[in-house]
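Have a look at the structure below, then the notes.
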Amino acid sequence: MKNIKQLSIFAENKPGKLEHITKVFEENKINIMAFNIASQGDFGIMRFIADKPEKALEAFKKAGFTISMNEVFAIEMEDKPGGFHNVAQFIAKSGLNIENAYVLIEKDRQGALLICDIKDTEKAKKTL
């Protein structure tokens with residue numbers, strides 16, 4: 001398990017918004033490693049894992065975006081049928097609650113990472 005930083009950008013849900021956001025990453029030479037979009041009507045939250053999260057945070061603030069950064073967990077799992085279930089079963093038995101999650105498949109397909117936001121970070125650190 002690794003602790004990593006996740007960027008969350010609050011944005012209006014309209015055509016061209018993702019292009020505008022990815023342009024900020026490109027102009028600042030920041031690589032996007034994983035992302036997730038969750039929209040609710042006219043607005044949404046885009047969550048990103050980037051290779052330079054602190055630099056991205058400053059770039060987006062400078063560009064006028066509403067952005068935050070928080071610690072999330074990257075839990076290693078096998079990239080095979082049942083791999084995700086094994087992790088979900090362990091999390092359930094531990095009594096942890098996942099607020100948000102998405103999966104990053106490793107380039108070599110030797111494994112995958114479950115990127116998850118767990119509200120009780122101290123308990124998660126001890127358990128995971």
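The values are calculated or read from the model by the stated rules, or taken from the named source; none is laboratory data. Just so you know, these numbers come straight off a predicted model, no measurement behind them. Every residue, glycine among them, receives a Cβ derived from its backbone with ideal geometry; neighbour counts consider all protein chains shown.
Some notes on this structure:
- Meets criteria (more than 17 Å from the chain's Cα centre (by Cα) and surrounded by 12 or more Cβ atoms within 10 Å (Cβ to Cβ)) for ASN3: no
- Subset tally (residues that are assigned to a loop (DSSP other than H, G, I, E, B) and surrounded by 15 or more Cβ atoms within 10 Å (Cβ to Cβ)) for segment 22-42: 2
- In this structure, VAL103 does not qualify as touching a helix residue (DSSP H, G or I) at 6+ places or on another chain (Cβ under 9 Å) and over 26 Å from THR121 (Cβ atoms).
- Evaluated against (1) more than 30 Å from GLU27 (Cα to Cα); (2) in a helix (DSSP H, G or I), GLU76 falls short on exactly one condition, (2).
- From the list ALA56, ALA63, ALA50, the one residue that fits, being in the same structural domain as ASN28 (by TED's automatic domain parsing), under 15 Å from VAL24 (Cβ atoms) and more than 16 Å from the chain's Cα centre (by Cα), is ALA63.
- Here is the figure for segment 2-21: residues that are hydrophobic (A, V, I, L, M, F, W, C), part of a strand (DSSP E or B) and more than 16 Å from VAL103 (Cα to Cα) total 3.
- Qualifying residue in segment 100-113 (condition: under 17 Å from LYS17 (Cα atoms) and loosely packed, with under 15 Cβ neighbours inside 10 Å): no
- When we screen ILE105, ILE67 for residues that are at pLDDT below 90 and aliphatic (A, V, I, L, M), the only hit is ILE105.
- Among the residues listed as ILE91, ILE45, the single one being of a type in the set (Val, Ile, Thr) and either outside the structural domain of GLN6 (by TED's automatic domain parsing) or in a helix (DSSP H, G or I) (or both): ILE91
Rundown of residues vs (1) over 28 Å from LYS123 (Cα atoms); (2) of a type in the set (A, V, I, L, M, F, W, C); (3) without any contact (Cβ under 8 Å) to a residue 24 or more places away in the chain, yes/no style:
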site	(1), (2), (3)
ASN28	yes, no, no
ILE37	no, yes, yes
ILE67	no, yes, no
ILE98	no, yes, yes
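- Test: residue in segment 45-52 that is among the basic types (Lys, Arg), in contact with a Ser or Thr (Cβ under 6 Å, 6 or more places away or on another chain) and under 16 Å from TYR102 (Cβ atoms): yes
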